[in-house]
Amino acid sequence: MAQSDWVFSIEPKIYTIIKTRLENALKTIYPDLYITQQEKLNDETSLPTIFIKMLDSPEIGADLDNATVNALMATFEVHITIAKNGTDNGLAGMRKLASAVLENFKKLRFNVIFRGEINRETSDTYSFISRYRRVIGAEEEINL
């Protein structure tokens, strides 16, 4: 692998870890849980939906040679959408999902940079956006 290829493996690796953990923890409560990286979907989505994306993540820790990327300040944003009504939905369901997302990012040593707030997306859904950030080094193993 080239010296800077690791920069492009961060997003799919973090996404896969978070997605797998959330599905394992929540699929019995939310059998239709849909976790994605795609912002725009052509298909009908199911609720609840958790959308995870990596935001601008600047390089940090450059040395004088500046030939490789030594570290990134990795930032992820998570959008949760849930039905307003129904069993395990509404505000209580949103808090349950948001808490599970936060817990899993904390297990990967991310800091909460925007806890978010619950919004009424439509008359039938609630949404919640949160952001998480941490430094990830070039030779760091992310398997927590």
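Mind checking which of PHE105, PHE114, PHE51 has the largest fluctuation in a GNM of the chain, springs on alpha carbons under 10 Å?
PHE114
Take the Cβ-Cβ distance between ASP5 and SER123 as r, set R0 to 41 Å, and report the resulting FRET efficiency rounded to the nearest 0.05.
Step by step, r from the Cβ atoms, then E = 0.35.
Leaving out ligands and nucleic acids, and using a 1.4 Å probe, what accessible area per residue does the chain come to in Å²?
Dividing the accessible area of the chain by its residue count gives 58 Å².
Ranked highest first by the average count of other Cβ atoms within 10 Å around their residues, in what order do 122-128, 80-86, 135-141 fall?
Ranked by mean Cβ neighbours within 10 Å, highest first: 80-86, 122-128, 135-141.
Roll a 1.4 Å probe over the protein heavy atoms and report the accessible area of LEU33 in Å², nearest 10.
Accessible area of LEU33: about 10 Å².
Over the stretch 84-144, what relative contact order in percent results from Cα pairs under 8 Å that are six or more residues apart?
In percent, rounded to a whole number, it is 34.
What list of ³J(HN,Hα) couplings, whole Hz, do you get for the stretch 104-113 from phi and the Karplus terms 6.51, -1.76, 1.60, once you set θ to phi - 60° and write x for glycine and proline?
Result, rounded to whole Hz: 6, 5, 5, 4, 9, 6, 7, 9, 7, 10.
Short version: ³J(HN,Hα) in whole Hz for each residue of the stretch 57-72, in order, from phi by Karplus 6.51 cos²θ - 1.76 cosθ + 1.60 (θ = phi - 60°), x for Gly and Pro, what are they?
With coefficients 6.51, -1.76 and 1.60, one gets 9, x, 5, 9, x, 5, 9, 5, 5, 6, 8, 9, 8, 8, 6, 10 Hz.
Test of understanding: in a Gaussian network model of the chain with alpha carbons linked when under 10 Å, which of ILE60, ILE118, ILE17 would top the mean-square fluctuation ranking?
For the chain, modelled as a Gaussian network with Cα springs under 10 Å, the answer is ILE60.
Given that just one value was derived from the coordinates, which of (i) 20; (ii) 33; (iii) 29 is percent of Cα pairs over 26 Å apart?
After the calculation, the listed value that fits is (iii).
Heavy atoms only, probe 1.4 Å: what % of the accessible area of the chain goes to carbon and sulfur, would you let me know?
Taking all protein chains in place, the chain shows 48 percent carbon and sulfur surface.
Determine the order of ARG21, ARG109, ARG115 by accessible area, beginning with the largest, at a probe radius of 1.4 Å. The partial results should precede the final answer.
Working: ARG21 60, ARG109 125, ARG115 155 Å².
Descending order: ARG115, ARG109, ARG21.
Name the residues of the stretch 115-144 whose amide N is less than 18 Å from a point 7 angstrom out from the Cα of THR68 along the C-beta direction?
Hits in the stretch 115-144 for THR68 at 18 Å: 136-142.
With an 8 Å Cα cut-off and a minimum separation of 6 or more residues, compute the relative contact order for the chain in percent. Don't skip to the answer; put the middle values down first.
Values: 237 pairs, mean separation 32.5, N = 144.
That works out to 23 percent.
The values are calculated or read from the model by the stated rules, or taken from the named source; none is laboratory data. The structure displayed is predicted, hence computed values, not measured ones. When we count neighbours, we look across all protein chains shown, and the Cβ atoms used for this are built from the backbone with ideal geometry, even at glycine. The area values use the complete protein model at the heavy-atom level, side chains included, leaving out ligands, DNA and RNA. Shrake-Rupley method; radii C 1.70, N 1.55, O 1.52, S 1.80 Å.
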